[in-house]
1. Each residue of the stretch 84-96 in order: what ³J(HN,Hα) in whole Hz does its phi give by Karplus 6.51 cos²θ - 1.76 cosθ + 1.60, θ = phi - 60°, with x for Gly and Pro?
2. For the stretch 3-121, give the magnitude of the charge dipole about the Cα centre (Cβ charges: +1 Lys/Arg, -1 Asp/Glu; no others), in debye to the nearest 20.
3. Based on the inverse mean of 1/r over its pairs of different Cα atoms, what is the Kirkwood hydrodynamic radius of the stretch 1-71, in Å?
4. Picking from 98, 53, 41, which is most flexible by a Gaussian network model of the chain using Cα springs under 10 Å?
5. Along each of the three principal axes of the Cα atoms of the stretch 3-121, give the extent in whole Å, ordering the values from largest to smallest.
6. Excluding residues fewer than 8 places away in the same chain, name every one of the lysines whose C-alpha is closer than 16 Å to that of residue 120.
7. Once label points are set 7 Å from the Cα along Cα→Cβ at both residue 67 and residue 121, what is their separation, rounded to one decimal in nm?
8. How much length, in nm to one decimal, is gained on full extension between residue 43 and residue 82, taken as 0.36 nm per residue of separation minus their Cα-Cα distance?
Amino acid sequence: MKVKKIAAVYSIIVGVSMIGMWTVFYLTSGIPEINTEPAKITMHLIAEFITAIALILGGLGLISNRKWGFQTYLLSMGMLMYTLIVSPGYYIQSSEFIFVAMFAVFIILAITFITMSYLKRDEFKM
């Protein structure tokens, strides 16, 4: 399997997972900040959903060999890196280290895919 296809699938899975995770948290009242810091969490959720949508679009663009696919994928991976760096702080503060470990794995994977997209950029571009 080519790196491009694996990267695209990763991008789509992470995007869909982000939407799913926040939806479950919302439906199970797992976002206490809605009551304590509504403006802050609303802006955070907007950023998370935009990142998730960009990841899905970037992955679909790569799979379908669209001209915009590679650029969208790179942009979405940059957005993902930001959220993967910022988000573990919440879980560190809450002493939920299993989530910190999960974010560490996702950071390693994201860095790997970003690096591979640079090293094999001819495969990624149309």
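Throughout, read-outs are computed from the coordinates displayed, never taken from laboratory work. Because the structure is a prediction, the values reported are computed rather than measured. Glycine also receives a Cβ, built like all others from the backbone with ideal geometry; neighbour counts cover every protein chain displayed.
1. Calculated HN-Hα couplings, in order: 6, 7, 7, 4, x, x, 4, 6, 4, 4, 8, 6, 9 Hz.
2. Working: 7 positive and 4 negative charges, 157 e Å.
Result for the stretch 3-121 is approximately 760 debye, rounded to the nearest 20.
3. Values: mean 1/r = 0.0758 Å⁻¹.
Evaluated on the stretch 1-71, it is 13.2 Å.
4. Its mean-square fluctuation being the largest, the pick is 98.
5. Principal extents (Cα only, largest first): 44, 24, 20 Å.
6. Filter leaves 2, 4, 5.
7. 1.9 nm
8. On the way: separation 39, 0.36 × 39 = 14.04 nm, distance 1.46 nm.
Computed gain between residue 43 and residue 82 is 12.6 nm.
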